[in-house]
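Just so it is clear, none of the values below were taken in a lab; they were calculated from the coordinates. Everything quoted here is computed from the prediction, not taken from an experiment. Reconstructed Cβ throughout: ideal geometry from the backbone, glycine too, with neighbour counts over all protein chains shown.
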Amino acid sequence: MKRLDLRYLAGVAAVAAGAALAVNLMDGNPGRFSLPNAIASTDVATLSPQLKALVETTQWLNTPPLTAADLRGKVVLVNFWTYSCINCVRTLPYLRAWAQKYRDQGLVVVSVHTPEFAFEKIPDNVVRALHQLDVPYPVAQDNDFRLWHAFGNRGWPAFYFIGADGEIAHAQLGEGDWEGTEERIQDLLKEAGSMKTPEPIGPIAGSGAQAAPDLAALGSGETYIGYGQASGFASPQSIAGDKARSYTLPDKSWLSGWGLNEWGLGGDWIVGREFATTSGIKSSIGYRFHARDLHLVMAPASLDRPIRFRITLDGKAPGADHGADTDADGWGILTEDRLYQLVRQSREVEDRTFRIEFEEPGAKAYAFTFG
């Protein structure tokens, strides 16, 4: 289980003009994976195992439960995601546009929210995220990974295209190739007889964290802070798992002190398996990165106690390079469990030294992601 590393996708993009990593599932028939039974009635027993698992799901977050009748004869696009995953967040403008554009022609977009971090299992957190991210189509909560396993899924984000005949026509892992993806939707709608004339395929744009990444300038990849998956840690002290420890950042400039994609902690921290928590005031994290955007998944210890933080780039306020969750002076407020966009470079992308400092204890830091 993993998010698809965009450093890999950047290499794919350079060769294949941004095409996503696609997985064709076949069973002796090129380009198509046959399910045991097509959708023939509203009886759940007649559904394929994947769709049967879907309609038997009991926790739907923003719509009434889907039934077999809702899916019978429809083209169904099933998207696996989790709300703190930047790769997943960047797919939302496309899914939102397709759900609206093709709804009357028989497309049903279904979102399966399978959590990576513990806070993503809490329904109230996910419902809040759905509102903030503007997700209007049905969302099933998959805390036990039942739907994940039913589809044989392997990472976030993932897409499964099911024709009106009840067969999975295509599966895609990762973001990208959006025009090709919309063409696949149109092909399935034409096969179903619900699209007579193909709709024009035009560009779809997102804003803030939902904007497309700059793959050509991407030189940093997802980096976990919890000791369970941590890599690139470069503080002089070793990580003391689940214990309070004081850490130090280099005394001199990172430009000569640490290498690209190395990071470290400063001040008092308790590093757990999934995240690290500040245990003192003015605790900090530093990272040497190369990307247009820098995000950090964070959470306060209590939603009732927001925590102020400040970021710097190369030791200075970010100015025009601040992200959606920081201002030009670098200030931001940690208010809830989610992904925070801290940097969006407005200039030509180059190696930068990032630092975030928290004003008080109780800030949790999970993972860096880039775009």
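If you put +1 on each Lys and Arg Cβ and -1 on each Asp and Glu Cβ, how big is the dipole of the chain around its Cα centre, in Debye rounded to 20?
Using only the charged Cβ atoms, the result is roughly 280 debye.
What's the magnitude of the charge dipole for region 215-370 around its Cα centre, counting Lys and Arg as +1 and Asp and Glu as -1 at the beta-carbon? Answer in Debye, nearest 20.
For region 215-370, the charge dipole is close to 220 debye.
Can you give the relative contact order of the chain as a percent, counting alpha carbon pairs under 8 Å and 6+ residues apart?
16
Which pairs, out of LYS316/LYS364; LYS52/LYS190; LYS121/LYS243; LYS52/LYS101; LYS121/LYS316; LYS121/LYS190, put more than 29 Å between their alpha-carbon atoms?
LYS121/LYS316; LYS121/LYS190
State to the nearest 20 debye the size of the charge dipole of region 120-189 about its Cα centre, where the only charges are +1 on K and R beta carbons and -1 on D and E beta carbons.
Roughly 380 debye for region 120-189.
To the nearest whole percent, what portion of all C-alpha pairs in region 195-272 is separated by more than 22 angstrom?
50
Report the one residue of TYR102, PHE119, ILE356 whose Cα lies farthest in the direction of the positive end of the charge dipole of the chain (charges on C-beta: Lys and Arg +1, Asp and Glu -1; origin at the Cα centre).
It is ILE356, whose Cα lies furthest towards the positive end.
Under the classification rounded if a/c is under 1.5, otherwise prolate if a/b is larger than b/c and oblate if not, where does region 246-371 fall, given a ≥ b ≥ c as square roots of the Cα gyration tensor eigenvalues?
Verdict is oblate for region 246-371.
What order, most packed first, do the peptides 311-320, 291-300, 168-177, 212-221 have when packing is the mean number of other Cβ atoms within 10 Å of each residue?
291-300, 168-177, 212-221, 311-320
Run the quick spin-label model on ASP214 and ASP351: label points 7 Å from Cα toward the beta carbon, then report their separation in nm to one decimal.
Taking the simple label geometry, ASP214 and ASP351 are separated by 1.7 nm.
What's the FRET efficiency of ILE333 with LYS196 using the Cβ-Cβ distance as r and R₀ = 51 Å, to the nearest 0.05?
So, using R0 = 51 Å, E works out to roughly 0.50.
Search the structure for amide H atoms under 5 Å from the amide H of HIS322, placed 1.01 Å from N in the peptide plane, and list their residues when 5 or more places away or on another chain.
When sequence neighbours closer than 5 places are left aside, the close amide H contacts are ARG344.
Can you give the relative contact order of region 271-339 as a percent, counting alpha carbon pairs under 8 Å and 6+ residues apart?
33
Could you work out how far the C-alpha centroid of region 280-358 sits from that of region 75-124, in angstrom?
Rounded to whole Å, the Cα centres lie 26 Å apart.
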